[in-house]
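Student: Can you keep this structure in mind? I'll have questions shortly.
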Amino acid sequence: MLDSKGRILGKISIVDLFVVVMIAAIIPTFITRETPKPITMQLSIDALEDFTTKFIEVGDPVLEHNSGVSLGSVIDINIDDSRQFSRNSEGQLVASSLNNFYSVDITTEFMGYPLDNGILVEGHIFTVGEFMVTRVGGANLFLRISGISVGE
């Protein structure tokens with residue numbers, strides 16, 4: 001394949017081929033590079049033990065546990081009665097709450113890239129409705145992404 005001058009099939013230098021491949025790999029990065037946008041994400045849990053809520057504070061860092069992706073920091077926390085649904089004696093779904101459990105809605109803010117079906121952060125895609133183990137301050141929580149909004 002290589003001749004005595006280091007050319008493939010006597011026509012293309014291996015160095016020239018390497019340069020062409022590197023340029024071809026770099027150009028799309030510059031063409032499609034967008035500026036990251038401010039992202040606001042709402043994370044929710046319907047029933048969290050009361051003692052765990054004491055480990056979550058505004059300003060706490062938020063990390064997706066498995067990948068370590070930073071989802072910014074907590075800018076707001078809403079703690080309310082837990083949200084549970086069960087069937088009553090007539091078979092209808094009714095809302096109720098559990099003693100010593102609370103629903104928690106956490107709002108976090110960070111930079112990311114909007115996609116048609118979610119957001120891209122540090123090479124990972126996140127979508128509304130997705131569940132994930134998340135480190136918030138001093139607690140690991142199993143949270144649902146309940147909302148994503150993109151700023152300008």
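Student: Sort I56, I77, I23 by Cβ crowding within 10 Å, fewest neighbours at the top.
Tutor: I23, I77, I56
Student: Between D46 and I23, what FRET efficiency follows from the Cβ-Cβ distance if R0 is 35 Å, with the result rounded to 0.05?
Tutor: It comes to 0.10.
Student: On to the next question. Going by average Cβ neighbours within 10 Å, how do the peptides 144-152, 61-69 rank, with the highest at the top? Mind showing how you got there, number by number?
Tutor: On the way: 144-152: 13.7, 61-69: 15.2.
Highest-to-lowest ranking by the protection proxy: 61-69, 144-152.
Student: Let me ask something else. Taking neighbour counts of Cβ atoms within 10 Å as a proxy for exposure, in what order, fewest first, do L93, L48 appear?
Tutor: Arranged by neighbour count, lowest to highest, L93, L48 become L93, L48.
Student: Any chance you could run the full-extension gain for V58 through S70? It's 0.36 nm times the residue separation minus the Cα-Cα distance, nm to one decimal.
Tutor: Values: separation 12, 0.36 × 12 = 4.32 nm, distance 1.55 nm.
Difference between extended and current length: 2.8 nm.
Student: Arrange the following residues from fewest to most other Cβ atoms within 10 Å of their Cβ: Y102, Y113.
Tutor: Result, fewest neighbours first: Y113, Y102.
Student: Continuing with the same structure: Multiply the residue separation of K37 and I125 by 0.36 nm, subtract the distance between their alpha-carbon atoms, and state the gained length in nm to one decimal.
Tutor: Separation in residues times 0.36 nm, less the Cα-Cα distance, equals 30.2 nm.
The numbers here are math on the coordinates, done by the rules we state, and not lab data. Since the structure is predicted, the reported quantities are computational estimates derived from the model, not experimental observations. Note that we place each Cβ from the backbone using ideal geometry, even for glycine, and neighbour counts take in every protein chain shown.
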